[in-house]
Ligand SMILES: NC(=O)c1ccc[n+]([C@@H]2O[C@H](COP(=O)([O-])OP(=O)(O)OC[C@H]3O[C@@H](n4cnc5c(N)ncnc54)[C@H](O)[C@@H]3O)[C@@H](O)[C@H]2O)c1
């Protein structure tokens, strides 16, 4: 049995991940960590009935990890918290699946350094769905053939999402920019804003939209739109749990979801 810890356990993604962990014959939930509902049974927080795992305090994560000794921690929190959680895991030799988004470049460098120096294994991805990982591959293919077309990325998410643009849109821009040898990124436009050869990125926020991403390649007389729409957070939760099983058996290093899916 692979022992799993979840940070952000009381959140939208955390709850679904725990649901999937409990259903798996290969996994055992050993701790549910958050900054709210401390001491309550996580099953009660999720309204599915007691499961005997109390919510433990993220502010005490070092001790929580030392006591529960998880094999893999799955983090879906907020960037600032995730950096702290990743550091604690690396120093306690706990492997990682990180789904949190909105990191700065410095935060990413810090996490990468901790993971490498402590020789643990981690899958880090702004999107754990199979569809989005295929979508990123399609964007690279399209960009190669449509390198002189105007490219715009439009993403839409629910009104509770904290970071913008989404991690998935940021990665889409990087995939296209890397394919084309580097492109300027322009975030939204306002006032006098003539278009040059940049990639435009636009974030829409409203209601309960789970996550839509459209990449528009527009040329003279035609356009192509490549679009992914998530219908449910299950697509992300199932991918994250699959990544946790995969990373348990992997060699030390930092991996993407494409490694897990073997579509690189
Ligand atoms: N990679 C993916 O596939 C994917 C998919 C969906 C969401 N996300 C990202 O996952 C993150 C969480 O999304 P959500 O919709 O579940 O958000 P949410 O707000 O519903 O949940 C976040 C949870 O983290 C908890 N938290 C805050 N600080 C913490 C800390 N220090 N330690 C432990 N827990 C802490 C909060 O109390 C909350 O319960 C966001 O960054 C989001 O963009 C990634």
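At q = 0.08, 0.17 Å⁻¹, what base-10 log of I(q)/I(0) does the Debye formula yield for the chain when every alpha carbon is treated as an equal point scatterer in vacuo?
After summing over all Cα pairs, the log10 values are -0.34, -1.30.
Which peptide among 156-163, 181-188, 57-64 comes first, and what is the full order, when sorted by highest mean count of other Cβ atoms within 10 Å?
Ranked by mean Cβ neighbours within 10 Å, highest first: 57-64, 156-163, 181-188.
Roughly what % of DSSP beta bridges within the chain run antiparallel, to the nearest 5?
Bridges in the chain are about 35 percent antiparallel.
Assuming 0.36 nm per residue, please report the length gained on full extension of the stretch residue 145 to residue 178 beyond their Cα-Cα distance.
10.5 nm
Per the Kirkwood definition applied to all pairs of different Cα atoms, how many angstroms is the hydrodynamic radius of segment 44-137? Present the calculation step by step, with values, prior to reporting the outcome.
Values: mean 1/r = 0.0689 Å⁻¹.
Result for segment 44-137, one decimal place: 14.5 Å.
Let me check against my output: what whole-number percent is the relative contact order of segment 130-229, with C-alpha pairs under 8 Å and at least 6 apart?
Taking the mean separation of contacting Cα pairs over the length of segment 130-229, I get 40 percent.
When the chain is fully extended, how far beyond the present Cα-Cα distance does residue 161 get from residue 107, taking 0.36 nm per residue of separation?
17.5 nm
Report, as a whole number in µm² per second, the diffusion coefficient that Stokes-Einstein gives for segment 130-229 at 4 °C and 1.567 mPa s using the Kirkwood radius over alpha carbon pairs.
This corresponds to a translational diffusion coefficient of 94 µm²/s.
Can you report the principal axis dimensions of segment 164-222 using only the alpha carbons, biggest first, rounded to whole angstrom?
Rounded to whole Å, the extents work out to 34, 29, 23 Å.
For segment 183-251, what's the radius of gyration and Dmax over Cα atoms, in angstrom?
17.8, 53
For residue 227 and residue 57, FRET efficiency with R0 = 25 Å and r from the beta-carbon atoms, rounded to 0.05?
Efficiency at R0 = 25 Å is approximately 0.05.
Against the globular-protein guess of 2.2 N^0.38 Å, express the Cα radius of gyration of segment 1-84 as a ratio, rounded to two decimals.
0.97
Could you state the number of Å between the C-alpha centres of segment 1-64 and segment 88-140?
What the calculation gives is 20 Å, centre to centre.
For segment 248-264 and segment 182-218, compute the distance between their C-alpha centroids and round to whole Å.
Cα centroid of segment 248-264 versus Cα centroid of segment 182-218: 30 Å apart.
What does segment 8-55 give for Rg and for Dmax, in Å, if only its C-alpha atoms count?
So, for segment 8-55, Rg and Dmax equal 9.6, 28 Å respectively.
Pull up the DSSP beta bridges for segment 130-229 and report the antiparallel fraction as a percent, rounded to 5.
Restricted to segment 130-229, the bridges split so that about 60 percent are antiparallel.
For segment 44-183, what's the relative contact order in percent, using C-alpha pairs closer than 8 Å and at least 6 residues apart?
About 19 percent, as a whole number.
Quick note: the coordinates plus some simple rules give every number you see, no bench work behind them. Nothing here was measured: the structure is a model prediction, and the numbers come from that model. Backbone-built Cβ (ideal geometry, glycine too); neighbour counts: all protein chains shown.
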